[in-house]
1. Residue pairs, Cβ under 6 Å, 6 or more apart or interchain, first in the stretch 77-98 and closer than 26 Å to Leu54 by Cα and touching a residue at least 12 places away in the same chain (Cβ under 8 Å), second of a type in the set (D, E, K, R) and part of a helix (DSSP H, G or I). List them.
2. For a quick check of your reading: which helices (runs of 4 or more DSSP H) sit entirely within the stretch 51-156 and have at least 2 residues that are open to solvent by less than 60 Å² (accessible area, probe 1.4 Å), of a type in the set (Val, Ile, Thr) and more than 20 Å from Val225 (Cβ to Cβ)?
3. State all residues of the stretch 293-312 that are over 20 Å from Leu256 (Cβ atoms) and surrounded by 15 or more Cβ atoms within 10 Å (Cβ to Cβ); if no residue qualifies, say none.
4. Under the condition of being outside any strand (DSSP E or B) and open to solvent by less than 30 Å² (accessible area, probe 1.4 Å), which residue from the stretch 262-289 is modelled with the lowest pLDDT?
5. For Thr244, state whether it is of a type in the set (Ser, Thr, Tyr), surrounded by 16 or more Cβ atoms within 10 Å (Cβ to Cβ) and part of a loop (DSSP other than H, G, I, E, B).
6. Just to verify a result, which residue in the stretch 162-201, among those that are surrounded by fewer than 24 Cβ atoms within 10 Å (Cβ to Cβ) and among the β-branched types (Val, Ile, Thr), is farthest from the chain's Cα centre (by Cα)?
7. Hey, any hits in the stretch 292-315 for a residue that's touching a Cys at 6+ places or on another chain (Cβ under 6 Å), in a helix (DSSP H, G or I) and at pLDDT 95 or above?
Amino acid sequence: MTKTALITGITGQDGSYLAEFLLDKGYQVYGMVRRLSTPNFSRIAHIINRIVLLEGDLGDEASLNSTIQTAQPDEVYNLGAQSFVATSWNQPSLTGDITGLGVTRLLEAVRQFRKETKVYQASSSEMFGAAEESPQNEETKFYPRSPYACAKVYAHHMAVNYRESYGMFVCCGISYNHESPRRGIEFVSRKITDGVARIYYGLATELRLGNLEAKRDWGYAGDYVETMWLMLQQEKPDDYVVATGQSHSVKEFAELAFREVGLNWEDYVVVDQRFLRPADVEYLCGDASKTRRELGWKPKITFEQLVSMMVKVDLEQVKD
């Protein structure tokens, strides 16, 4: 019997990779999309005829109820959110409403209309923030350092609460930074690789960045979506850290990206105070021992391969 999955945020980086993954598994895939004057389906254009899109919004309870009732999903993957940390400082209320309360609305819709559905909630390493221990694991205390991280902490606890209060199958994947050529241009990883491509082709002369010393545990989004599916195939719901176990600085990312085209990053990178956050997270590194042990998962793409992949794709896109 064909399984049915509903993906919120299907037009984003993770949503597009997950949709491909589930289609390859034989799923019928529904995607929830917001009504926009100019829809952006570029990441799913190659599979749009194989999926069903439903209009809905994490900020609107009625649309979520309708979406769950229409799709009747066996599995729900909540990847929708206001997911850019920098924007959360300028739009804290919106971030709290969509990234935080939106999860409650979705969980309640599932509880009311399809309680047997298995739910994946995309939690974030940003919840650890100024963590008191490193590497961080599933037991590490949360110390959020941005409105986005605070909203994710609320959403995470609500997911656990619905699991424990109503016996629902809800898993949280605490994913560390995961990138790809499909990453939004506003994120520092893609900003770097796009900037390198533009400088290489003479379309720009500098790349302005914020905190070069911030270190993150960077993986490949195409690898990470597999863990989302694996969590929902387990006998019991639980929470899992998804990470590579290695951290690299923004400076290292830039150095590798420029080296890919034979340039010295120091000749082009400018630190711009405008991109510094009110409260930054200096260092995050995940301990995914539980994920490797219980789900049998490990990342396939290395940090160096990831940077190279992104630069090569951006070189092709900028050239065109």
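1. Cβ pairs passing all conditions: Leu79/Asp14.
2. Passing ranges, in order: 61-71, 85-90, 102-113.
3. Leu295, Trp297
4. Ala279
5. In short, yes.
6. Ile199
7. No, the conditions are met nowhere in the stretch 292-315.
A quick yes/no check of all residues on (1) within 25 Å of Cys285 (Cβ to Cβ); (2) more than 16 Å from the chain's Cα centre (by Cα):
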{"residue": "Thr87", "(1), (2)": "yes, no"}
{"residue": "Gly100", "(1), (2)": "no, no"}
{"residue": "Glu108", "(1), (2)": "no, yes"}
{"residue": "Gln112", "(1), (2)": "no, yes"}
{"residue": "Glu116", "(1), (2)": "no, yes"}
{"residue": "Ala122", "(1), (2)": "yes, no"}
{"residue": "Lys152", "(1), (2)": "yes, no"}
{"residue": "His157", "(1), (2)": "yes, yes"}
{"residue": "Val160", "(1), (2)": "yes, yes"}
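The values are calculated or read from the model by the stated rules, or taken from the named source; none is laboratory data. Quantities reported herein were computed from a predicted structural model and do not represent experimental measurements. Using ideal geometry, Cβ is built from the backbone for each residue, glycine included, and neighbour counts are taken over all protein chains shown. In case anyone asks, the SASA skips ligands and DNA or RNA and just uses the protein heavy atoms, side chains included. Shrake-Rupley method; radii C 1.70, N 1.55, O 1.52, S 1.80 Å.
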